[in-house]
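Some notes on the structure that comes next.
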Amino acid sequence: MLLLDRKLLRDLRALKSQALAVALVMACGLAMMIMTRSLILSLETTRDTYYREHRFAEVFARLKRAPNSVRDQLAAIPGVATVQTGIALQVTLDVPGLDLPAVGLLNSVPEHGAPVLNQVYLRSGRLPVGRTTRHELAVGEAFADVHGLRPGDTISAVLNGTQQTFHLSGVALSPEFVFEAPPGSALPDNKTYGVFWMPYKELATAFQLYGAFNNVALTLAPDASEGAVIAAVDRLLAPYGGRGAFGRANHPSHRRVDDEIRVLQGLSIAFPLVFLSVAAFMTNSVMSRQITLQREQIAMLKACGFSNAQVGAHYFKFSLAIVVAGTGLGSLGGIVLGHQLVGMYHLFFRFPRLDFLLDTRVLVAATLISALAAFAGVAGAVRRAVRLPPAEAMRPEAPARYRPALVERLGAARWFSPSFRMSLRNIERRPVRSALTCLALALATAILIVPNSFRDGIAYVIDFQWDIVQRQTVTLSLVEPGPARALDDFRHLPGVVLAQPFRYVPVELRAGPVSRRILLQGLPARGTLSRVIDARPQQLALPERGIIISAKLAEILRVRPGDEIIAKVLEGEERELAVPVAGLAEDFAGMAAYMEWHALNRLLLEGDRISGAHAMVAASQWGEFLRAVKNTPRLAGCVVKTSVREGFRQTTAESIGLLQKIYTLFATIVAFGIIYNSARISLSERARELATLRVLGFTRGEVGAVLVGELVLLTLVALPLGLLLGSGLAAGIITTVNTETVRLPLVLTPANYALAVLTVALASALSAWFAARKLADIDLVSALKALD
Amino acid sequence: MPSVANPLPEPADARAPVFRVRGLARVYGEGTAAVTALRGVDFDLFRSELVVLLGASGSGKSTLLNQLGGLDSPTHGTLHYRDWALGTASEPELTQFRRHSVGFVFQAYNLIPSLTARENVALITEICREPMDAEEALRLVGLGERLDHFPAQLSGGEQQRVAIARAIAKRPAVLLCDEPTGALDVHTGITVLEAIERINRELGTLTVIITHNAILADMADRVFTLSDGRIISERRNARRGAVGELAW
């Protein structure tokens, strides 16, 4: 080993706690970068492999009913490569051990042979096919997991009015249902919504659909135009009650996975950069101090004939050691956290397997970035050191020049104690360093704001969605839209205090070139159960004429209240109408459009028909109500509000809880690292001054106060700045989460601010205390010695 | 023993020694690495005296000054400040002793660079009882005009006089000066010594100057010469020579 390297090792040992503080901050940034980029890689790779191996379709269409002969016509559409038709229907389930009725989406599987598209992956058991398979179902894994269902268990379903018991033949997954959630839902509700597969013949027969289909999946030939194929499919299926074909980008499960990847992409850049910049600044301050302390050693080395390059390399190696430690810790942290988060994604997304894949390219890039950041941090200090002529470097640095601080010059001096003035003047003498310390602390505060604002945003969404918008106890939906007198049947169910109708119609809303397909909801003008709420949040009365749409939908369609949009009805007879936008509704999952119920029925040229009803049920008759619902054949579903709300709360609490812990830990490390490092550097720079104060009779506590006074001032400035930065950062990141499927409101509470301030203040106090403990090691006698 | 909260008591007898030192020894390190800096020093120092401790580098004079100033504790022997056993005092007691009873003047001045002359003095007057006004202390050392200058704006002599003002502003019983002119030219050194001498004369502060410069011996009441950790001679001057008359 070269002697200079031995010196390096000993210097590192002497500076180990400071070097560790820098390495830890760097590690936080790298861990976050590696974690998020690897998660993106894991999700993308797993998704693409799954889609390819299980032949996920590219275009999808639902319709009322078409004879199987139409299938050949679909296959003949130019640009279509493969066609698969089948049946998909929602039914009410009676799950053993669940007192609520659940909703099952039954998908047909071909009688013989495997499906050509959207192939099922069997986790256990087998598919319900073959001659002997009557009354058998395969169940989706998410639903099976929640209810502990295994092959051989039984489940009851109401098929077209007849309750039947089925044996479960197997547990399965499908690329169509990676996100196994009810249509339009942002989060899974695996307790009351499940996906099932049963033989085509049995399902078709039960619903009088034998020889027909209501569900289409297609793949496209190379170079085919998706838009042209969709248009052709729509034209072909229109007479059969086509509800509009859509591409993969609009497939609910696919879009949800895509949105998640987009959110991760947003997080994978901003946060790590914050940490790495702070680490670069810290490396710079540690190295500058080290080089100042070693002025004479540098002079000696140069006087003995070491070249500038050798001396420079020596100090670069010092920061390289920090980078190596930071990269090691960061990679380890990123891999461990990534594994944990992959486990969390299993709550949302169902893949045959989702393994953590380390993005090695990002590992290399992250190492290079942090090495560059560290070197950039050191370069200035090293350049100053090697430029110094040896003779000059042998002499101690000239005494520091000070002047009264700005606030003193403005006349506030008389209120300040000498030790307070020392702090003020020290801050002002090193404006860049003070500003960067302040900024780093502000960033630590800011980082804490973000995860808590997510949590508060979700709490707001929960309250908004299930206290303000939805006030019903249950939502009951019919298999097919029915006459309004069905409402009376609902009202006569035991315990129903109030029931209000709704009518759902699939429509395409278009403004200029932009269009979206959604469910248009017809509701009573001033309903008291399911309400339309604006951003204030106040209830919007549904007008006689016009449509109210989600603010997000208005943004996408680029329309404002008063503008007209084209509504194309995608059910029954195809109709197109221009309707004025009457107002904008607030919502946070998916997109919606609302019309007054009668107005909607008039638009559809129907009498008063309903798709179902929202109902308020008396708690005292809850059991009776559920029994009655389970035995009502025409019901396609019964969604219990509290169950959905609880499911949402639990899943988000788990995912946000984990992210929140990670971010809190990282921000605490930054706050601790910054303050500890600043205090240690200050201690080193001012050792003589502080020792003098001790000699002059200052107690250790008083000298400690002088040492940390500067940091206290910087922290006090940093905290409000951090709250401001954090609010901006939260707003910025929430914008990246602002997708068509999920949105979060920006909620910043005093409790969030208080917690961030408290955490940083505590981390600062603790690290200052650790540094101040070093005061005990100051040699008082050395202060008496001359400097020469 | 004085409590930390109370100032050290004035002796009943004004002629009683301020310091009583008996068999004072200080050994650094242990075993074969042990270095003996003081090997049994005995003396008494009295109020109003100006004492010079002369010695070459390594003679033990700085170690002795550190013991008197409460910066270090002896290995053997006794050290009393008035009736109080300074040699066995605890760390907080030593801090209080330095805070209220001792003024230090260092060769390198040790001013706080971020504070002006006035503030360097005020820093001390804020923490001790019945201090003199910072401006008054600075006037006593002839610096009434440069109150608001920072150390970097002052000459070496001026900086040292600020250090003296800082040391005396607490009205200490003892003023300990470690090579106060070591970093100064002759002319500036004289100004500084005059300031020290004036303080000693006008305030009656026991003043101990350690130096390797034998010329300073003439301005003292008593001169102790140290060598190899022992006092090898003690001399009492019949008359203190005026600083300006010292033969440089």
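The values are calculated or read from the model by the stated rules, or taken from the named source; none is laboratory data. The model shown is predicted, which means the values in this text are computed figures rather than measured ones. Cβ: placed from backbone, ideal geometry, glycine included. Neighbour counts: every protein chain shown.
Quick notes on this one:
- Exactly one residue out of A:A667, A:A653, A:A679, A:A671 is part of a helix (DSSP H, G or I) and surrounded by fewer than 19 Cβ atoms within 10 Å (Cβ to Cβ), and it is A:A653.
- With respect to (1) facing chain B (nearest Cβ under 10 Å); (2) without any contact (Cβ under 8 Å) to a residue 12 or more places away in the chain, the lone exception for A:A776 is condition (2).
- Test for A:Q472: is it away from chain B (no Cβ under 14 Å), surrounded by fewer than 23 Cβ atoms within 10 Å (Cβ to Cβ), polar (S, T, N, Q) and not in a strand (DSSP E or B): no
- For B:G103, the stated conditions do not hold, so it cannot be described as within 8 Å of chain A (Cβ to nearest Cβ), surrounded by 20 or more Cβ atoms within 10 Å (Cβ to Cβ) and at pLDDT 90 or above.
- Residue within region B:169-185 that is at pLDDT 90 or above, within 12 Å of chain A (Cβ to nearest Cβ), out of contact with any Leu (no Cβ under 8 Å at 6 or more places or on another chain) and within 30 Å of B:G40 (Cβ to Cβ) present: yes
- Filtered by the rule that a residue be of a type in the set (D, E, K, R) and surrounded by 24 or more Cβ atoms within 10 Å (Cβ to Cβ), region A:7-41 gives a lone residue, A:R37.
- In the set (1) surrounded by fewer than 22 Cβ atoms within 10 Å (Cβ to Cβ); (2) away from chain A (no Cβ under 14 Å); (3) at pLDDT 90 or above; (4) in contact with a strand residue (DSSP E or B) (Cβ under 7 Å, 6 or more places away or on another chain), B:G29 fails one condition alone, (3).
- The residues in region B:106-162 that are facing chain A (nearest Cβ under 7 Å) and of a type in the set (S, T, N, Q) can be counted, and the count is 3.
- Qualifying residue in region A:543-566 (condition: on the phi < 0 side of the Ramachandran plot, assigned to a strand (DSSP E or B), touching a residue at least 60 places away in the same chain (Cβ under 8 Å) and buried (at least 17 other Cβ atoms within 10 Å of the Cβ)): no
Matching residues to (1) of a type in the set (A, V, I, L, M); (2) farther than 18 Å from A:G242 by Cβ:
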{"residue": "A:V59", "(1), (2)": "yes, no"}
{"residue": "A:K64", "(1), (2)": "no, no"}
{"residue": "A:V83", "(1), (2)": "yes, no"}
{"residue": "A:V109", "(1), (2)": "yes, yes"}
{"residue": "A:L127", "(1), (2)": "yes, yes"}
{"residue": "A:G140", "(1), (2)": "no, yes"}
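- Restricting A:A231, A:A224 to residues that are free of Cβ contacts under 8 Å to residues at least 60 places away in the same chain and either part of a helix (DSSP H, G or I) or hydrophobic (A, V, I, L, M, F, W, C) (or both) narrows the list to A:A231.
- Qualifying residue in region A:487-496 (condition: under 28 Å from the mean Cα position of the chain (by Cα), in a helix (DSSP H, G or I) and buried (at least 17 other Cβ atoms within 10 Å of the Cβ)): no
- Among the residues of region A:508-535, those identified as under 26 Å from the mean Cα position of the chain (by Cα), of a type in the set (D, E, K, R) and over 28 Å from A:V497 (Cβ atoms) are A:R516, A:R517.
- Hits in region A:48-91 - residues which are in a strand (DSSP E or B), hydrophobic (A, V, I, L, M, F, W, C) and more than 39 Å from the chain's Cα centre (by Cα): A:A66
- Out of A:L523, A:L519, sole residue that is surrounded by 16 or more Cβ atoms within 10 Å (Cβ to Cβ), touching a strand residue (DSSP E or B) at 6+ places or on another chain (Cβ under 7 Å) and under 17 Å from A:G244 (Cβ atoms): A:L519
- Residue within region A:444-465 that is aromatic (F, W, Y), touching a residue at least 60 places away in the same chain (Cβ under 8 Å) and crowded, with 21+ Cβ neighbours inside 10 Å present: yes
- Those residues of region B:62-100 which are farther than 27 Å from B:R15 by Cβ, more than 13 Å from the chain's Cα centre (by Cα) and either outside any strand (DSSP E or B) or within 13 Å of chain A (Cβ to nearest Cβ) (or both), in sequence order: B:D72, B:S73, B:T75, B:S90, B:E91, B:P92, B:T95
- Test for A:S288: is it in a helix (DSSP H, G or I), closer than 26 Å to A:T437 by Cβ and either in the same structural domain as A:V171 (by TED's automatic domain parsing) or not hydrophobic (A, V, I, L, M, F, W, C) (or both): yes
Matching residues to (1) in contact (Cβ under 8 Å) with a residue 40 or more places away in the chain; (2) of a type outside the set (S, T, Y); (3) within 15 Å of A:F177 (Cα to Cα); (4) part of a helix (DSSP H, G or I):
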position	(1), (2), (3), (4)
A:P239	no, yes, no, yes
A:G242	yes, yes, no, no
A:R255	yes, yes, yes, yes
A:L264	yes, yes, no, yes
A:L267	yes, yes, no, yes
A:V274	yes, yes, no, yes
A:A279	yes, yes, no, yes
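- Qualifying residue in region A:744-756 (condition: at pLDDT below 85, under 30 Å from A:I556 (Cβ atoms) and away from every other protein chain (no Cβ under 14 Å)): yes
- Number of positions in region B:219-248 that are out of contact with any Asp or Glu (no Cβ under 7 Å at 6 or more places or on another chain), aliphatic (A, V, I, L, M) and either surrounded by fewer than 19 Cβ atoms within 10 Å (Cβ to Cβ) or in a loop (DSSP other than H, G, I, E, B) (or both): 5
- Helices (runs of 4 or more DSSP H) within region B:106-182 that include 2 or more residues touching a residue at least 12 places away in the same chain (Cβ under 8 Å) and under 26 Å from B:A56 (Cβ atoms): B:156-168
- Residue check for A:L9: part of a helix (DSSP H, G or I), more than 22 Å from A:L273 (Cβ to Cβ) and either at pLDDT 90 or above or not aromatic (F, W, Y) (or both): yes
- Of the residues making up region B:28-54, those that are of a type in the set (S, T, N, Q) and out of contact with any Phe, Trp or Tyr (no Cβ under 9 Å at 6 or more places or on another chain) are B:T32, B:S48.
Matching residues to (1) under 14 Å from the mean Cα position of the chain (by Cα); (2) over 22 Å from B:A238 (Cβ atoms):
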position: B:D178; (1), (2): yes, yes
position: B:G182; (1), (2): no, yes
position: B:L193; (1), (2): yes, no
position: B:I196; (1), (2): yes, no
position: B:I215; (1), (2): no, no
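- Within region A:412-449, the set of residues being of a type in the set (G, A, S) and in a loop (DSSP other than H, G, I, E, B) comprises A:S417 only.
- Residue count for region A:687-701, restricted to those that are touching a residue at least 24 places away in the same chain (Cβ under 8 Å) and either within 11 Å of another protein chain (Cβ to nearest Cβ) or touching a Leu at 6+ places or on another chain (Cβ under 8 Å) (or both): 7.
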